[in-house]
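Visitor: There's a structure below that I have some questions on.
The values are calculated or read from the model by the stated rules, or taken from the named source; none is laboratory data. Everything numeric in this text was worked out from a predicted model, so none of it was measured. No Cβ is skipped: glycine too gets one built from the backbone with ideal geometry, and neighbour counts run over all protein chains shown. In case anyone asks, the SASA skips ligands and DNA or RNA and just uses the protein heavy atoms, side chains included. Shrake-Rupley method; radii C 1.70, N 1.55, O 1.52, S 1.80 Å.
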Amino acid sequence: MSNRSATLGYWYGTADRPQADAVDVLNELRDYRAAEAAMRRRTRTAMGMGETDLIALRYLLEAERAGKDMGPKELAVRLGVTSASMTSLVDRLVKSGYVTREPHPTDRRALILRSTPGADQEVRNTLRDMHQRMMEVAESLSGEEAALVAAFLRRMRAAIDEIGS
């Protein structure tokens, strides 16, 4: 660790800081989140998509890989957006060639959203190098280190999930 905590403190004054190493961990986690956000901006720019559009496409691709159909209503719930926002989002994805609307096989009033044949490959091509570098870093961990990191991240996620609930 870099002992940047002596100068950056991550919201804690030196008297409030029980463990400098813990502050270093939080600083590194914050820096990782900032780097990941910057990478997502670059990806969205490269694909000409907004953040919600890219997330929506990811949800559709995940559903398709799982053999499940997803309609606009289900996608809106996953994204936490209104039906009006969902309509605009789907219109953009269809216009950009990433998604098609298909009639639901059993409900004439409903639609199914499907990614277009090239959408999955375009996402994979755009993210391939970054994912490969990330996998190399993760694979460089010993089994014990990987277990520690995974457990730490689960506990951090749980701590954050408790905020505002």
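Visitor: Return yes when Arg101 is open to solvent by 70 Å² or more (accessible area, probe 1.4 Å) and either in a helix (DSSP H, G or I) or touching a strand residue (DSSP E or B) at 6+ places or on another chain (Cβ under 9 Å) (or both) and no when it is not. First the steps, then the outcome.
Guide: Numbers: open to solvent by 70 Å² or more (accessible area, probe 1.4 Å): yes; either in a helix (DSSP H, G or I) or touching a strand residue (DSSP E or B) at 6+ places or on another chain (Cβ under 9 Å) (or both): yes.
It is true that Arg101 is open to solvent by 70 Å² or more (accessible area, probe 1.4 Å) and either in a helix (DSSP H, G or I) or touching a strand residue (DSSP E or B) at 6+ places or on another chain (Cβ under 9 Å) (or both).
Visitor: May I pose another question? Looking at (1) over 30 Å from Glu28 (Cα atoms); (2) loosely packed, with under 14 Cβ neighbours inside 10 Å; (3) under 18 Å from the mean Cα position of the chain (by Cα), which is the one condition that is false for Arg154?
Guide: Arg154 satisfies all of (1) over 30 Å from Glu28 (Cα atoms); (2) loosely packed, with under 14 Cβ neighbours inside 10 Å; (3) under 18 Å from the mean Cα position of the chain (by Cα) except (1).
Visitor: What's the number of the condition Asp129 fails, among (1) of a type in the set (D, E, K, R); (2) touching a Pro at 6+ places or on another chain (Cβ under 9 Å); (3) surrounded by fewer than 10 Cβ atoms within 10 Å (Cβ to Cβ)?
Guide: (2)
Visitor: Report the residue count in segment 134-151 for those that are in a helix (DSSP H, G or I) and surrounded by 10 or more Cβ atoms within 10 Å (Cβ to Cβ).
Guide: Final tally of qualifying residues: 10.
Visitor: List pairs: first in segment 120-146 and in contact (Cβ under 8 Å) with a residue 24 or more places away in the chain, second of a type outside the set (Asp, Glu) and outside any helix (DSSP H, G or I), Cβ under 8 Å, 6+ apart or cross-chain?
Guide: Glu122/Tyr98
Visitor: I'd like to verify a number: residues in segment 76-101 that are closer than 15 Å to Arg114 by Cβ, β-branched (Val, Ile, Thr) and touching a Pro at 6+ places or on another chain (Cβ under 9 Å), how many?
Guide: So the answer is 1.
Residues are listed down the side, and each one gets a yes or a no for (1) touching a Leu at 6+ places or on another chain (Cβ under 8 Å); (2) of a type in the set (D, E, K, R):
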residue: Val123; (1), (2): yes, no
residue: Leu127; (1), (2): no, no
residue: His131; (1), (2): no, no
residue: Met135; (1), (2): no, no
residue: Leu141; (1), (2): no, no
residue: Glu145; (1), (2): no, yes
residue: Leu153; (1), (2): no, no
residue: Arg157; (1), (2): no, yes
residue: Gly164; (1), (2): no, no
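Visitor: Quick one: in segment 105-126, which of the residues that are open to solvent by less than 60 Å² (accessible area, probe 1.4 Å) and not in a helix (DSSP H, G or I) is farthest from Met47 (Cα to Cα)?
Guide: Looking at residues that are open to solvent by less than 60 Å² (accessible area, probe 1.4 Å) and not in a helix (DSSP H, G or I), I get Asp107.
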